[in-house]
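All remarks here apply to the structure that follows.
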Amino acid sequence: MPVAGFASSAVIDQLTYVLGAIPAEARKKEVAKTKAVYAFEVANSKGKKHYFVVDMKQNGTVTDGATEAEAAKGQPKPDISISLGDEALVKIAENKTTAVAEYMGGRVKIKGNMMLGMKLESLLARFKKLAADLPAAPAAPATAPAQAAAKSEDIAIQGYEASRVLAQIGQVLGADDKKREALFKSTNAVFQIDIDGPQGVKSWVLNLKPATAPAEVVLVGTAAQNKKAAGVTLGLKDADFVSLASGKITGQSAFTSGKLKAKGNIMLALKLEAVLKAVKGAAAAKL
């Protein structure tokens, strides 16, 4: 589960998700590849610490806690203990830096098997790929007949400002083939967006897969209703989505504060802000 104030908890959640979703035999193989127990002490920008233990030596399990002892409960003794900042762990997971570079810069402290620290990026990259290959969690059975792909003018729902943003996104990407294909290539994902508004939770789909037809980019309803497989389902209040789209809040702050909730491939949630920024000039600026 996401830990408030720690964006890097999404990285650990992805490990947890993969280890729980892959077959037992595949999990054993991943454990055999790693043969190590990683302990993380993560400090956020406010100086608060949270602890995670990733057992990739025996059982393939992940635990966490507000104290080192709480996180280590029931886990084998760590082969390596890594102390680092919240932002540093996110950057390492996103391949924007390396554990070695952070260590040399004094931003990471390592105790134990130093060689395992050098393998951290490859471990995270391996699990990122596994997560991308996993199907989305099964959606709840639809209580209404599946909806057909919505036209752009049918996307907006009265009282939901987020739907107006989504409609504008559909119009922008539908009118610009170059922008649409570039965004689809970099994103390559299907998002289900659940917006909590005046009439309860309403759902839309952002279908950002290469070769998607313009009319299929933004769809009304759940992924299941539109016969799509969502890589991640995102939940926000209507006002929070509008603030995210307009740049008043960031994806990281929304996630760490609990305003943005994610189910499925959690790392895809961090791409939402980039998607919104890609069309901000023509869509969010009209807010």
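The values are calculated or read from the model by the stated rules, or taken from the named source; none is laboratory data. The model shown is predicted, which means the values in this text are computed figures rather than measured ones. Neighbour counts run over all protein chains shown; Cβ positions are idealised from the backbone, glycine included.
Of the residues that sit in the range 243-287 and are over 26 Å from Tyr17 (Cα atoms) and under 19 Å from the mean Cα position of the chain (by Cα), which one is modelled with the lowest pLDDT? Residue satisfying both the conditions and the ranking: Ala278.
The rows are residues; the columns are (1) closer than 18 Å to Ser122 by Cβ; (2) among the acidic types (Asp, Glu); (3) within 22 Å of the chain's Cα centre (by Cα); (4) surrounded by fewer than 18 Cβ atoms within 10 Å (Cβ to Cβ).
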{"site": "Glu25", "(1), (2), (3), (4)": "no, yes, no, yes"}
{"site": "Val37", "(1), (2), (3), (4)": "yes, no, no, no"}
{"site": "Lys46", "(1), (2), (3), (4)": "no, no, no, yes"}
{"site": "Val54", "(1), (2), (3), (4)": "yes, no, yes, no"}
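Remark: pairs (first residue in the range 34-52, under 14 Å from Lys109 (Cβ atoms); second residue of a type in the set (Ser, Thr, Tyr) and in a loop (DSSP other than H, G, I, E, B); Cβ separation under 6 Å; 6+ apart in sequence or on different chains) = Val42/Ser8. Has the range 237-249 got any residue that is in contact with a Pro (Cβ under 8 Å, 6 or more places away or on another chain), over 27 Å from Leu15 (Cα atoms) and hydrophobic (A, V, I, L, M, F, W, C)? No, every residue in the range 237-249 fails to be in contact with a Pro (Cβ under 8 Å, 6 or more places away or on another chain), over 27 Å from Leu15 (Cα atoms) and hydrophobic (A, V, I, L, M, F, W, C). Meeting the requirement of 1 or more residues that are without any contact (Cβ under 8 Å) to a residue 60 or more places away in the chain and in contact with a helix residue (DSSP H, G or I) (Cβ under 8 Å, 6 or more places away or on another chain), the strands (runs of 3 or more DSSP E) wholly within the range 153-237 are 189-197, 200-208, 232-237. If you go through the range 58-79 and pick out every residue that is within 20 Å of Lys128 (Cβ to Cβ) and aliphatic (A, V, I, L, M), you end up with 1. Taken over the range 66-87, the residue count meeting the criterion of being free of Cβ contacts under 8 Å to residues at least 24 places away in the same chain and surrounded by 15 or more Cβ atoms within 10 Å (Cβ to Cβ) is 0. Those helices (runs of 4 or more DSSP H) of the range 40-139 in which at least 1 residues are hydroxyl-bearing (Ser, Thr, Tyr) and not assigned by TED's automatic domain parsing to the domain that holds Asp194, considering only elements entirely within it, cover 99-104, 120-133.
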